[in-house]
1. Can you pull out the residues in the stretch B:182-206 that are surrounded by 17 or more Cβ atoms within 10 Å (Cβ to Cβ) and either among the aromatic types (Phe, Trp, Tyr) or out of contact with any helix residue (DSSP H, G or I) (no Cβ under 6 Å at 6 or more places or on another chain) (or both)?
2. Any idea which residue in the stretch B:209-236 is nearest to A:GLN86 (Cα to Cα), counting only those that are more than 10 Å from every other protein chain (Cβ to nearest Cβ) and free of Cβ contacts under 8 Å to residues at least 60 places away in the same chain?
3. Of all residues in the stretch A:281-310, how many are loosely packed, with under 15 Cβ neighbours inside 10 Å and among the hydroxyl-bearing types (Ser, Thr, Tyr)?
4. Quick check on my filter: what residues within the stretch B:199-241 are under 30 Å from B:LEU166 (Cα atoms) and over 15 Å from the mean Cα position of the chain (by Cα)?
5. Look at A:GLY241 and say whether it is touching a residue at least 24 places away in the same chain (Cβ under 8 Å), buried (at least 24 other Cβ atoms within 10 Å of the Cβ), farther than 27 Å from A:GLY53 by Cα and more than 14 Å from chain B (Cβ to nearest Cβ).
6. Could you count how many residues in the stretch B:166-178 are among the aliphatic types (A, V, I, L, M) and modelled with pLDDT under 85?
7. Quickly run through the stretch B:180-206 and pick out the residues that are without any contact (Cβ under 8 Å) to a residue 24 or more places away in the chain and among the β-branched types (Val, Ile, Thr).
8. Is it true that some residue in the stretch A:360-370 is under 25 Å from A:PHE107 (Cα atoms) and in contact with a Phe, Trp or Tyr (Cβ under 8 Å, 6 or more places away or on another chain)?
Amino acid sequence: MSKEMKSATAGLNRRQALVAGGAVVGAAWLGAGLCRPALAADRTINVLTLGEGIFGEPFMKLSKDFTAATGVKVNNVTTGYNESMQKQAAMFAAQGSELDVVQVDNFFLKGYAKAGHLAKLNGALIPETFVKDFNADVPTAVRELWQVDGDNFGMATIGNCQSFYYNSAHLKDAGVEPPDTWEEFLVAARKVVDPSKKRYGFVTSTERLTKAVTDFLTIFWAEGGKLFNDKMQPTIDDAAGLYAINMIVELIKTMPPGGAAYTESDEVKALAVGLGSLDPMSWIPDSIKTADAVTKPQLATRVSPKGSVRRAPVLGGMGLCVSNYSPSKEAAAQFVQWFNTAEVQRDKIVQNGGQPCRTSAWAANLDKEPWFPALAENFKVAHALPQIPEWGQIDAAVSTQLAYAFAGQVDPKSALKQAQADVDNIMKEAGYYK
Amino acid sequence: MAPAGLALLVVFVYPLVSSFGMSLENWNLISNIRRWAGASNYIAIVSNPALPEFLRVTATYTGLSVVFEGALGLGLAALVRSGLRGRLPGFAFMRVLIMTPLLVAPLLWAFYFRNFFSPQFGLFNIVLNKLGLPSVLWVNDSKLAVYSLVGADVWQWTPFMFSILLAGLMSLPEDIVEAARLDGAGGWTIFWLIEMPLLKSVVLVAILMRTIDSLRYLDLILIITQGGPATSTTILNFLAYRTAFQEFQMGRGAALAFVVFAMVLVAVVALLRTMRRTLQHA
């Protein structure tokens, strides 16, 4: 064979190989990306939730019970919190159909619903009578979180809010009573500090990403503070705001070293091993669950401290929603409904590592965990974060300034002023006012 | 050409153009409202009073990481090379040992170091306390945090520099070195005045690759400090990530990503020019 013929033959073979390879890759991409399995499409749903803890355990453990009760199979898609939020936001933006049920954090609900990403539940997918009964059995603040203009676009499912845990032995040793107000709290935190006994006062997570801001808000709201006025202009730079930020800055002085940049893991461990004494802003009961044998019997809970106006623990909770792009909306709605029935909330959620959202379920399970009575009381009076799409930006802006103040890099008054200015820019840019 | 061109289009050109288009919009991922913004995202970035701080942190993190990784990598490579050439026992194993941090996924190292750096419960402070030394607020002190992250980065990526530089050193012609030795040149003179100039292009490639990586790196910051305390460890790439995926501002995040891209491009062009000059002189 001549050289020219050889190279021509080789070139053709190479081109054919490239074309064939491209065809295979393209077909695989189409198959994986565009097609959902046709097998039992309506009777299998993909459910995105957290994988562990109070927000994940019940779904991991009870999905099979749901399947047994309804015949609908469940693919549990589990991730960490940040990944879950990013995954669902990206899927909704792309109007993807990969997920049928999505566990949404409450402050995203209204944004998603108004953007058309969530299916309306009452009437079409879940009977009105059930939704009415459910709405009557949750605190008003909780009900309003999952509604837009009176219609339910999600159901609360796992209820949560900030809790106050403290070490009773430390307080007794220091000669202080468990505090009922924020002023009493500061006194107690200062009195309890004894570095020679490796004992400190206040513990919380002071890092950014929700924690720093919610630390501030619980005190701010307790003093009657409001985040926005009627025109949605920020109003945090006022007496209540200054009180709140100064209170936290003083409390941080009673924290273990490094407290100004404490993570949630540090917070939990500090209380669990007896290093810290008072945590009024905890989101998870892990410090009690993981406490060592000496510290565990010392830990107690009570309702959040009161300000001059009210008690104002921050309301949390993640609920279940049906994606408006789901090809299996009815089956997905069955999942949401099942987990929010009175029976499942009362008899299964707590028993499988979760926390209920229904008031009747709380009442029936108060004795199940030592922290439940206080948490149930907090849940009734908890305040919700604003459910606006700009909350992520606002949280980042405010928490940055709070972090500067916590670290002593900026005085609290200047930090508050800058935080308000930054939020003002965000709201203007978003078009709330000029 | 057509399949290669198509691949280039799909994998590189389209995402780049699409991202640039996104950077000219105000796009809130939660509300899914997308509005034309023109250059306002870029103007907002440039006029952000915190930008000099972000640039300083980025330069500190990248600069120190690359310098220490390069210096340590070179030192270890020279040591192992002399041991291997001298057929001394243990050096082959040492070469493997030095490479082991690369075997662990970067994300796992980030989780390990997060625990190691914990002020009360981390391994580093436990060891310090056992030695009678006071605890250090490794990542809880805003003045110290970025240097602690540099340390973690150096631990993780020195083996990468080591492997490239060792390959470079091992490939140097031995006859030139032998000639220099016969002329009476000592070890350090040979290394610095004869071998290093020959190794320059390899060193520059290694520095280029680590600089690009370091400018884009996220894992340690995402897992350990989240850019804090305050903004003391917020590099530009992390800011881009946070803006897009935690604040859900896709347009502003895309604009920040392009700023990082521009910085990487400048670094690449500068280093390539230096390499070309070096090779021309050689």
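1. Selection gives B:PHE191, B:GLU195, B:VAL203.
2. B:LEU218
3. 2
4. First, pick out the residues of the stretch B:199-241 that are under 30 Å from B:LEU166 (Cα atoms): B:199-221.
B:LEU199, B:LYS200, B:SER201, B:VAL202, listed by residue number.
5. The answer is yes for A:GLY241.
6. Looking only at that region, the number is 2.
7. Selection gives B:THR189, B:ILE190, B:ILE194.
8. To start, the set of residues in the stretch A:360-370 that are under 25 Å from A:PHE107 (Cα atoms) comprises A:360-362.
Next, only the ones that are in contact with a Phe, Trp or Tyr (Cβ under 8 Å, 6 or more places away or on another chain) stay: A:362.
Scanning the stretch A:360-370 turns up at least one residue that is under 25 Å from A:PHE107 (Cα atoms) and in contact with a Phe, Trp or Tyr (Cβ under 8 Å, 6 or more places away or on another chain).
The values are calculated or read from the model by the stated rules, or taken from the named source; none is laboratory data. If you're wondering where the values come from, they're calculated on a predicted model, not measured in any experiment. Here Cβ is always computed from backbone atoms with ideal geometry, including for glycine, and neighbour counts include all displayed protein chains.
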